[in-house]
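The values are calculated or read from the model by the stated rules, or taken from the named source; none is laboratory data. The structure displayed is predicted, hence computed values, not measured ones. Cβ placement follows ideal geometry from the backbone for every residue including glycine, while neighbour counts extend to all protein chains displayed. Areas reflect the complete protein model, heavy atoms only, side chains present, ligands, DNA and RNA absent. Shrake-Rupley method; radii C 1.70, N 1.55, O 1.52, S 1.80 Å.
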Amino acid sequence: MIPLPTGLRARLVITFTLVAVTASTLVATIGFELAKTALVTRAENTSLDLVTRELSGITFPVGKLQPGEAAPTTKDLERVTAALSGPGRSVLVEYGNMVSTEGPLTMNDVPNELYGRAKQSVVTQRKIIDDQLWLIVGAEVYRDNGGVPEATGLRAFVFFPMHDDESQLDTLRTTLIQGGAAIVLIALVVALLSARQVLLPVRRLSAAAQALGQGRLDTRLPVHGQDELAELTARFNDAAAALELSVSELRALEAMSRRFVADVSHELRTPLTAMTAVADMLSEEANRLPEAPAEAVRLVLSEIERLRELVEHLIEISRFDAGTATLNLEPVNVADAVMDCLEVRGWSDRVAVKASQGLTVNLDPRRFDVIVANLVGNALKHGKPPVVVSARGTENGLEVKVRDHGKGIPPEAMPHVFDRFFKAGAGRARSQGSGLGLAIARANVHLHGGTISVRPQSPGTLFTVWLPHS
């Protein structure tokens, strides 16, 4: 099945063309029928006038003869036949048992219906004989008998050829078809031009909408005229202006929010440094304190550490938001970098590493350390051992995988694991990290031009990082 065109341009052109075809066909059909009727009527009237005139001029006696009148002879009928004959015609004159003919046709070619009606008046009928159309005029001669018309028994049948009329109709039909084709062609051209003219503002609106979608919020269109398209263009400009204003306000609020977070984070660093120093002193004294004060000190130390981690994460996130995060690439031995990351954080005995010692890649070592630390820390906090870190080189870059063997991440949480402040499970809302670690890991991966993904395992969860060759 051929699919119907769905484009507005195609539908406009097809509709316009169908209207033109329908109108031209209707006009041509009506014109042809009118011309045909007029032509046939003229031929019939001309033929009737000729036959009536010639028959009315008969001078010899016919019908019921009066005393002293001689019956018509064959020559009399031949004179009538000759008077009625003409180019291409066939004439039959009948009186009693006498028949005079002129032309190839005979009385057998006269339709019975016409023969019967000819006794009452002058009648006509069209008939195709030997693949040729004839107009047959039949009439019987009447004479006045004391004021009463009296049939004489003299009948004449004249066959008028209509090939000239058919030729004229064929010529007219051809002319109408050619004219209709020309009208359709003109209508098609006009439809294309009209569709182009009508759709030009629509295409401009489409291009402007695409520009808005690409972030060019200052896009506007000139308004021409006062029709519906001009009104639509004006509404588009109003909507674009309102959108630009709203987005500008949102960007301003977002910038203020980012500055606020960055400023607060930096301001917290100073008191946090002092609190960390005091916490180090308290940690040394905690074991000498009674159980209740010691537990309070440990809680304070835990919260200070959590606060320090949160502030560092917020500062890191603010750098990415401000667009100031940069890469400092250098050749890095991947196995040594992973082992150093684990050793610094005291995780060496809890994590297995599978990486070739000869694997060296151009990376930002600090950011690579952040990526590995956040993924491994997440696996240690929320998964179960064994936690395995594997790294290998591929044709296009470096592939690093971190897997744990815990109960895994719920399926409904999978699409959101890299969102900021997202924590899978209501029970982890406060105690289990800041919810920024995986978001920071993803930001650092994207800064390298790489990708990061997560998928469930049986058991556990697998994070895969791919970093391209630099």
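Rounded, prolate or oblate: which fits the stretch 190-240 when a ≥ b ≥ c are the square roots of the eigenvalues of the alpha-carbon gyration tensor, with rounded for a/c under 1.5 and prolate only if a/b beats b/c?
Details: a/c = 3.46, a/b = 1.63, b/c = 2.12.
Oblate, since a/c reaches 1.5 and b/c is not below a/b.
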Q: Please report how many Lys pairs in the chain have alpha carbons closer than 28 angstrom, counting only residues at least 8 apart along the chain or sitting on separate chains.
A: 17
(Q) Once each part is reduced to its C-alpha centroid, what is the distance from the stretch 10-28 to the stretch 434-464 in angstrom? (A) 62
**Q.** Viscosity 1.306 mPa s, 10 °C: Kirkwood-radius Stokes-Einstein D of the stretch 378-417 over Cα pairs, µm²/s
**A.** 136
Q.
Apply the a/c threshold of 1.5 to the C-alpha gyration tensor of the stretch 327-470 and tell me whether it is rounded, prolate or oblate.
A. prolate
Q: Name the shape class, rounded, prolate or oblate, that the alpha-carbon gyration tensor gives for the stretch 77-218, where a ≥ b ≥ c are the square roots of its eigenvalues, rounded holds for a/c under 1.5, and otherwise prolate holds if a/b is larger than b/c and oblate otherwise.
A: prolate
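Using the Kyte-Doolittle scale, which helices in the chain average at least 0.5 and also have C-alpha atoms spread 18 Å or more along the helix axis, with helices defined as whole DSSP H runs?
Values: long enough: 8-56 (71 Å, 0.78); 163-213 (72 Å, 0.71); 228-285 (82 Å, 0.13); 291-322 (46 Å, 0.08); 365-382 (25 Å, 0.14).
Long hydrophobic helices here: 8-56, 163-213.
Semi-axes of the equivalent ellipsoid of the stretch 76-135: what are they in whole Å, largest first, if each equals the square root of 5 times a C-alpha gyration tensor eigenvalue? Each step should come with its number before you reach the end.
Details: eigenvalues 65, 51, 23 Å².
Gyration-tensor ellipsoid for the stretch 76-135: 18, 16, 11 Å.
Kindly provide the chymotrypsin sites (Phe, Trp or Tyr not before Pro) of the stretch 313-421 that DSSP labels as loop, not H, G, I, E or B, and whose Cβ sees at most 14 other Cβ atoms within 10 Å.
Values: sites: Phe320, Trp347, Phe368, Phe418, Phe421; in loops: Trp347, Phe418, Phe421.
Qualifying residues, ordered by number: Phe421.
Hey, if we sort Asp218, Asp227 by accessible area with the 1.4 Å probe, largest down, what's the order? Walk me through the intermediate numbers first.
Working: Asp218 110, Asp227 75 Å².
These residues rank, largest area first, as Asp218, Asp227.
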Q.
Checking a compactness column here: for the chain, what do you get for Rg(Cα) / (2.2 N^0.38 Å), N being the number of residues?
A. 2.35
Q. At 222 nm, what helix-only mean residue ellipticity would the chain give, in deg cm²/dmol to the nearest 500, using -39500 (n - 2.57) for each DSSP H run of four or more?
A. -19000 deg cm²/dmol
Q) Taking amide H positions as placed 1.01 Å from N in the peptide plane, with prolines and chain starts having none, which residues 5 or more places from Leu133, or on another chain, fall under 5 Å of its amide H? A) Met162
Q.
As a test, work out the antiparallel percent of DSSP beta bridges whose residues both lie in the chain, rounded to the nearest 5.
A. 90
